[in-house]
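To keep things clear, I will list the structure first and then write my remarks on it.
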Amino acid sequence: MLTAEERAEIEAEFPRYPNRKAVCIDAMKIVQKHRGWLADDALRDIGELLEMSAADLDGVATFYNLLFRRPVGRHVIYLCDSVSCWIMGSDRQCKHLSERLKIEPGETTADGRFTLLPVVCLGACDRAPVMMIDDDTHFDLNPEKIDGILERYG
Amino acid sequence: MPYEKPLTGNMRPDGEALDRQAYERAGGYEGLRKVLKGMTPAAVAGEVKNSNLRGRGGAGFSTGLKWSFISERAPHPRYLVANGDEMEPGTFKDRLLVERDPHQLIEGMAIAGYATGTDVAYIFLRGEYKVGGQRVARAIAEAYEAGYLGRNILNSGYSLELYLHMSAGRYMCGEETGMLNALEGKRANPRAKPPFPPASGLFGKPTTINNVETLCNVPHIIRNGAAWYRGLSKSQDGGTKLYGASGKVNRPGLWELPMGTTIREILDEHAGGMREGHRFRGLLPGGASTDFLTEQHLDVAMDFNEVQKAGSRMGTGTMIILDDKTCPVGMLANLEHFFAQESCGWCTPCWSGLAWVERILGAMEEGRGQPGDLDKLAFQTRFWAPGHTFCALAPGAAEPLQSALKYFRTDFERHITEKRCPWK
Ligand SMILES: Cc1cc2nc3c(=O)[nH]c(=O)nc-3n(C[C@H](O)[C@H](O)[C@H](O)COP(=O)(O)O)c2cc1C
Ligand code: SF4
């Protein structure tokens with residue numbers, strides 16, 4: 001079941017679109033914000049409100065990079081792997097993160113603290129290499145700087 | 001020489017957004033007042049057409065002409081969408097505009113909305129642009145409060161609702177019909193055209209789609225006139241342009257300059273030249289999906305026609321610089337990995353060909369290149385030509401590859417004959 005809060009946030013989107021189906025991406029983002037990821041029962045809950053099947057929602061969810069159909073850690077690291085960051089050495093930053101967290105890109109640390117995901121160009125190419133952790137963007141990365149940044153995310 | 005910078009000149013040096021009052025003090029919302037008081041929608045579209053404003057999303061289509069495709073008799077509701085998806089690798093210009101001056105975009109949309117008789121508008125913003133999203137949301141609320149949005153704007157009888165949509169992330173959301181599907185809560189596959197969006201767009205209604213930077217120019221054109229706007233430019237295309245440079249230059253950055261500024265001036269004077277120990281080899285003039293240019297093209301003026309004459313596209317105007325310490329094959333492997341990952345899977349030449357090309361380039365980087373690989377790569381780029389696929393992603397993927405095969409051919413060949421990447 002959707003919580004009262006989830007439901008209220010989704011319903012607040014209704015007036016912005018002419019039909020309920022159009023709200024589904026916003027709805028999935030809202031539920032993901034509260035639950036971390038979109039499990040099958042999350043899709044069923046959303047589907048009931050929007051009058052869509054869970055299969056339809058799955059079809060939409062699997063298209064989008066920022067909708068997670070698998071569990072993620074408490075914090076998600078989005079490391080830019082596009083061309084400007086690559087020129088500026090993002091491979092080395094990725095390797096450093098992998099070694100430090102003992103996970104490959106796409107995986108979650110054993111303690112559930114971090115998930116490491118490569119992401120398309122974050123639009124800050126003049127300050128490459130760049131990554132986001134949750135909602136914050138971090139610029140001009142190097143291994144020492146990354147170590148300091150990770151400390152801030154418990 | 002000081003240049004006039006209508007788009008960025010008023011931005012706060014501390015990096016915060018201009019609020020409504022500060023935007024108004026700089027002449028903000030005067031353009032909207034002007035059109036609502038005394039211009040017909042057709043006159044607004046005409047003024048913008050005369051300004052020679054060409055779309056900043058990459059294709060360079062005349063903005064005024066695009067607006068005139070919405071006929072007076074077109075049914076309602078009509079929609080307008082600002083394209084702020086900005087997932088083109090190497091592109092970082094719309095982020096600045098939404099983060100630092102969101103009211104400029106809102107005013108541009110209100111004027112565009114009036115010119116096209118739009119009832120409902122959306123700002124489609126990349127999900128990762130969190131700061132931009134918060135600032136745009138706040139600015140929309142401020143604009144509603146001041147009566148610049150909503151019912152009966154400034155007592156003119158014109159009404160416009162404006163909403164923000166934060167994307168869930170996929171390059172195809174930037175393709176205009178993919179974007180419409182995303183707004184309808186679907187997968188962002190593109191739509192077959194015709195019908196084009198002005199006839200049948202969002203929710204099947206007449207729809208106009210413009211890039212964020214395009215729309216940000218509009219208030220200034222209306223306030224100061226088409227002739228003034230044309231005069232800002234050094235070329236036939238009107239206005240200023242946000243140019244950028246990333247890679248191994250001394251001062252990577254973003255600059256608002258007269259349209260038609262040469263590549264050399266942008267690289268030398270604004271980006272500060274190449275970093276010590278690095279030599280210039282080439283550049284992608286406007287994002288991942290544009291053809292390489294090289295040393296011989298440094299005096300090309302950055303505008304739509306001139307860059308095209310040089311064999312590339314201006315695209316988004318944000319240049320990615322290739323230096324001699326960076327492997328061109330590695331760069332292509334990175335670029336084609338991006339296109340392969342973001343292909344929506346609708347057309348076979350795109351999804352299948354990109355996966356194949358990604359494998360060939362990856363193998364070359366690991367020293368497993370085969371004689372004949374270059375022909376295979378060239379064959380694929382021809383297979384992705386416009387007209388073979390539903391959208392321009394595949395033709396875009398062809399551009400850096402076909403030009404790299406031309407300009408950096410010996411580098412590709414060395415990977416194969418030496419059975420290793422000479423840069424590793
Ligand atoms: C794969 C693909 C991605 C695109 N991404 C963007 C984008 O992020 N932003 C944008 O403004 N245009 C993008 N475009 C171009 C749009 O389809 C469209 O031409 C543009 O938004 C029109 O606005 P304009 O006339 O103001 O340039 C993309 C096109 C393709 C084929
Ligand atoms: S060209 Fe590629 S991205 Fe575009 S519709 Fe075809 S498969 Fe999808």
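The values are calculated or read from the model by the stated rules, or taken from the named source; none is laboratory data. Every value quoted in this text rests on a predicted model; they were computed, and no experiment measured them. With ideal geometry, Cβ positions are generated from the backbone for all residues, glycine too; neighbour counts draw on all protein chains shown.
For the reader, a short list of remarks on this structure follows.
- Every listed requirement among (1) within 18 Å of B:G330 (Cβ to Cβ); (2) of a type outside the set (S, T, N, Q); (3) modelled with pLDDT under 95 is met by B:E418 save one, (3).
- Qualifying residue in the stretch B:50-68 (condition: in contact with an Asp or Glu (Cβ under 7 Å, 6 or more places away or on another chain), more than 16 Å from ligand 2 (Cβ to nearest atom) and either assigned to a helix (DSSP H, G or I) or not assigned by TED's automatic domain parsing to the domain that holds B:L154 (or both)): no
- Counting only helices (runs of 4 or more DSSP H) that sit wholly inside the stretch B:158-250, those with at least 2 residues that are over 28 Å from B:L283 (Cβ atoms) and within 12 Å of ligand 1 (Cβ to nearest atom) are B:176-183.
- So B:V329, is it modelled with pLDDT of 95 or more, within 16 Å of ligand 2 (Cβ to nearest atom) and in a helix (DSSP H, G or I): no
Yes or no, residue by residue, for (1) within 14 Å of another protein chain (Cβ to nearest Cβ); (2) away from ligand 2 (no atom under 16 Å from the Cβ); (3) touching a His at 6+ places or on another chain (Cβ under 7 Å):
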site: B:C344; (1), (2), (3): yes, no, no
site: B:W356; (1), (2), (3): no, no, no
site: B:G396; (1), (2), (3): yes, no, no
site: B:S403; (1), (2), (3): no, yes, no
site: B:K406; (1), (2), (3): no, yes, no
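- Inside the stretch A:70-105, residues that are free of Cβ contacts under 8 Å to residues at least 12 places away in the same chain and of a type outside the set (D, E) make up a count of 3.
- Search result, residues across the stretch B:267-297 that are under 29 Å from B:Y229 (Cβ atoms) and within 13 Å of chain A (Cβ to nearest Cβ): B:H270, B:A271, B:L283, B:L284, B:G286, B:G287, B:S289, B:T290
- Note on the stretch A:59-94: among residues that are under 17 Å from A:I133 (Cα atoms) and among the charged types (D, E, K, R), the one that is nearest to the other protein chains (Cβ to nearest Cβ) is A:D81.
- The requirement of being touching a residue at least 60 places away in the same chain (Cβ under 8 Å), surrounded by fewer than 20 Cβ atoms within 10 Å (Cβ to Cβ), within 14 Å of ligand 1 (Cβ to nearest atom) and not aliphatic (A, V, I, L, M) is satisfied by B:F69.
- Members of the stretch B:124-148 that are within 14 Å of chain A (Cβ to nearest Cβ), surrounded by fewer than 23 Cβ atoms within 10 Å (Cβ to Cβ) and in a loop (DSSP other than H, G, I, E, B): B:G127
- Residue within the stretch B:29-48 that is in a loop (DSSP other than H, G, I, E, B) and touching a helix residue (DSSP H, G or I) at 6+ places or on another chain (Cβ under 6 Å) present: yes
- Whichever residue in the stretch B:99-123 is more than 14 Å from chain A (Cβ to nearest Cβ), of a type outside the set (S, T, N, Q) and in a loop (DSSP other than H, G, I, E, B) and, among such residues, is nearest to B:P77 (Cα to Cα): B:G117
- Residue in the stretch B:318-340 that is within 27 Å of B:E4 (Cα to Cα), within 16 Å of ligand 1 (Cβ to nearest atom) and touching a helix residue (DSSP H, G or I) at 6+ places or on another chain (Cβ under 9 Å) present: yes
- Some residue of the stretch B:77-95 being away from every other protein chain (no Cβ under 14 Å), in contact (Cβ under 8 Å) with a residue 12 or more places away in the chain and assigned to a helix (DSSP H, G or I): no
- Candidates B:I221, B:I153, B:I209: the one that is more than 14 Å from chain A (Cβ to nearest Cβ), within 30 Å of A:L117 (Cβ to Cβ), hydrophobic (A, V, I, L, M, F, W, C) and in contact with a Gly (Cβ under 9 Å, 6 or more places away or on another chain) is B:I209.
- Listed conditions (1) outside any helix (DSSP H, G or I); (2) touching a Ser or Thr at 6+ places or on another chain (Cβ under 9 Å); (3) among the aromatic types (F, W, Y) are all met by A:F63, apart from (2).
- Top-ranked residue of the stretch B:290-334 - restricted to ones that are free of Cβ contacts under 8 Å to residues at least 12 places away in the same chain and surrounded by fewer than 22 Cβ atoms within 10 Å (Cβ to Cβ), ranked as farthest from the chain's Cα centre (by Cα): B:Q296
- Pairing each residue of the stretch A:118-140 that is among the acidic types (D, E) with any residue that is in a strand (DSSP E or B) and surrounded by fewer than 24 Cβ atoms within 10 Å (Cβ to Cβ), provided the two are 6+ apart or on different chains, yields C-beta distances under 7 Å for A:D126/B:G253; A:D126/B:L254; A:D134/A:H75; A:D134/A:V76.
- Among the residues of the stretch B:168-205, the ones that are more than 14 Å from every other protein chain (Cβ to nearest Cβ) and not basic (K, R) come to 10 in all.
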